[in-house]
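As structure tokens, the structure follows; a few thoughts come after it.
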Amino acid sequence: MTRVPYLSARLQGFGTTVFAEMSALAVATGSVNLGQGFPDYPGPPEVLDVARAAIGTAADQYPPGPGIPELRAAVAEHHGRFTGLAYDPADEVLVTAGATEALTAALLALLDPGDEVVVFEPMYDSYAAAVAMAGGVVRPVTLRPPPSGEGRWTFDPEELRAAATPRTKLLLLNTPHNPTGKVFTREELATLAALAISHELLVLTDEVYEHLVFDGAHHVSMAALPGMRERTLVVGSAGKTFNVTGWKIGWICGPAPLVSAVRTAKQFLTYVNGGPLQPAVAAGLALPDAYFTAVAQDLQYRRDVLVRGLAEAGLPVISPEATYFATVDVRPVQPDGDGLTFCRALPARAGVVAVPTVVFYDPAHAHLGRHLVRFAFCKSDEVLGEAVERLRRLG
Ligand SMILES: *Cc1c(COP(=O)(O)O)cnc(C)c1O
């Protein structure tokens with residue numbers, strides 16, 4: 001790997017992201033951008049109107065460090081309603097600058113240099129960088145795609161157990177999972193819980209896609225398993241649930257001493273953020289169950305449109321159980337089987353942009369994701385329709 005000038009040793013290897021390259025390529029070529037995962041349709045008016053009304057009021061000033069009381073209460077109520085877990089808004093809920101800050105602050109707060117973090121790959125791109133910033137070491141466990149394309153992503157429990165060492169401090173989990181669209185089952189979570197208990201690990205679980213689950217698949221919070229609440233920090237975010245990814249309002253919930261540790265790091269990262277957006281997210285979290293069911297149904301329909309289009313374009317597609325993303329195997333349409341090469345050429349071949357899944361793997365295991373590519377389907381009917389039409393050119 002070439003050394004990037006000025007960049008600290010901790011951050012060597014995190015210099016450039018393929019997202020920036022692909023988004024620039026989309027703009028330069030007029031391609032349909034199914035790379036980055038953000039919706040191109042607005043959030044619910046019940047949420048947006050509260051934010052508009054809050055601007056120009058006292059809500060524009062610094063909110064309280066842990067977040068406004070209404071939002072902390074709404075996060076706790078929402079947890080109780082959907083996961084059955086009770087959190088005290090006073091000291092078990094912390095509002096953060098998106099899930100990203102919650103995760104980074106937790107890792108900075110909990111890890112000492114050399115502490116190891118067990119995490120599934122492919123993994124969300126901020127994880128490895130945040131662990132590195134905290135001086136920790138990533139121990140990746142590979143999720144394997146279903147061999148025929150039909151079926152679920154799985155992991156080998158032996159591989160998981162082998163990844164834990166006496167230096168392991170924390171298990172970093174993401175369910176529903178980006179980029180695979182996997183929802184961890186209760187049985188899989190029980191395997192993880194057993195490891196956490198036997199190795200006395202803390203668990204940090206990123207559940208930002210908790211509501212975006214399809215086909216009757218069921219999200220189970222890791223904190224809801226027996227013996228887990230006391231050692232688990234659960235991260236959530238408004239971005240994905242309310243179509244407001246630019247707002248960066250997230251939260252982290254857990255036992256008071258763990259949340260207090262996270263707050264110590266968080267107060268010196270951003271201190272606070274999004275004053276007028278916090279009451280709006282509180283209103284969103286209080287929406288009736290029907291809202292949360294409807295977002296999932298709407299996204300399931302978009303998933304079906306894209307999955308059908310990809311299959312018709314000759315790409316074997318692994319239909320996701322949740323999230324914004326579908327994964328394809330490019331080998332039938334890309335003779336060298338290289339997803340990165342495929343993505344770089346896709347704008348010229350078909351006028352569409354996607355992201356090579358290889359970037360979500362630990363560099364040592366990159367070969368395992370070489371043939372995979374991620375497409376986002378959180379897009380309007382027109383955009384998805386145009387993308388599907390263009391992808392036919394691959395045939
Ligand atoms: C989008 C995403 C995030 C980031 O959430 P923010 O609230 O925007 O910081 C975190 N984790 C995963 C898995 C994501 O897909």
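What follows is calculated from the coordinates using simple rules that are stated; it is not laboratory data. Source: prediction; values computed, not measured. Neighbour counts run over all protein chains shown; Cβ positions are idealised from the backbone, glycine included.
For the reader, a short list of remarks on this structure follows.
- Extending 7 Å from the Cα toward the beta-carbon at both Asp60 and Glu389 defines two label points whose distance is 4.4 nm.
- Pair-distance distribution of the chain: all C-alpha pairs, bin width 10 Å, starting at 0; shares per bin in whole percent are 5, 23, 32, 27, 11, 1.
- Taking every alpha-carbon pair in the stretch 149-236 and binning the separations at 5 Å intervals from zero gives 3, 14, 26, 25, 19, 9, 3, 1 percent.
- Note on the chain: helix-only mean residue ellipticity at 222 nm, from DSSP H runs of 4+ residues weighted -39500 (n - 2.57) and normalised by residue number, equals -11500 deg cm²/dmol.
- Net charge dipole, the chain: roughly 760 debye, given to the nearest 20, about the Cα centre with Cβ charges of +1 for Lys and Arg and -1 for Asp and Glu.
- Annotation note: trypsin sites (Lys or Arg not before Pro) in the stretch 135-187 located in DSSP loop regions with a Cβ neighbour count of at most 16 within 10 Å are Arg167.
- Exposure proxy order (Cβ contacts within 10 Å, fewest to most) of Thr341, Thr83, Thr323: Thr341, Thr83, Thr323
- Options Pro63, Thr17, Val208, ranked by Cα towards positive dipole end of the chain, top entry (Cβ charges): Thr17
- Range of Cα positions in the stretch 67-108 per principal axis (Å), largest first: 29, 21, 16
- Comparing Val203, Val333, Val138 in a Gaussian network model of the chain where C-alpha atoms under 10 Å apart are linked, the largest mean-square fluctuation is found at Val333.
- Residue with peak Gaussian network fluctuation, the chain [Cα springs, cutoff 10 Å], from Ser148, Ser221, Ser260: Ser148
- Choice from Gly369, Gly56, Gly339 with maximal GNM fluctuation in the chain (Cα, 10 Å cutoff): Gly56
- Within the straight-line cut-off of under 26 Å between alpha carbons, the lysines reachable from Lys379 are Lys182, Lys240, Lys248, sequence neighbours fewer than 8 places apart in one chain being disregarded.
- Burial ordering of Phe375, Phe155, Phe120, fewest other beta-carbon atoms within 10 Å first: Phe155, Phe120, Phe375
- For the stretch 58-138, the fraction of C-alpha pairs farther apart than 17 angstrom is 58 percent.
- Where labels lie 7 Å past Cα in the beta-carbon direction, separation of Thr341 and Ala311 in nm: 2.9 nm
- Taking amide H as placed 1.01 Å from N in the peptide plane, the amide H of Thr142 sits under 5 Å from that of Glu121, each at least 5 places away or on another chain.
- Kirkwood-type radius of the stretch 1-51, with distances r between different C-alpha atoms, in Å: 14.5 Å
- Virtual spin-label span in nm between Asp91 and Glu382, 7 Å along Cα→Cβ: 5.3 nm
- Longest to shortest principal axis, alpha-carbon extents of the stretch 1-138, angstrom: 48, 45, 32
- In plain terms, the chain from Glu159 to Ala290 could stretch by 43.2 nm, reckoned as 0.36 nm per residue minus the Cα-Cα distance.
- Shown in residue order for the stretch 193-209 are the 3J(HN,Hα) couplings computed by the Karplus curve 6.51 cos²θ - 1.76 cosθ + 1.60 at θ = phi - 60°: 5, 4, 5, 4, 6, 5, 9, 6, 8, 7, 10, 10, 10, 8, 10, 5, 9 Hz (x for Gly and Pro).
- Cβ crowding within 10 Å, taken as a proxy for footprinting-reagent exposure, orders Ile68, Ile197, Ile318, Ile55 from fewest neighbours to most as Ile55, Ile197, Ile68, Ile318.
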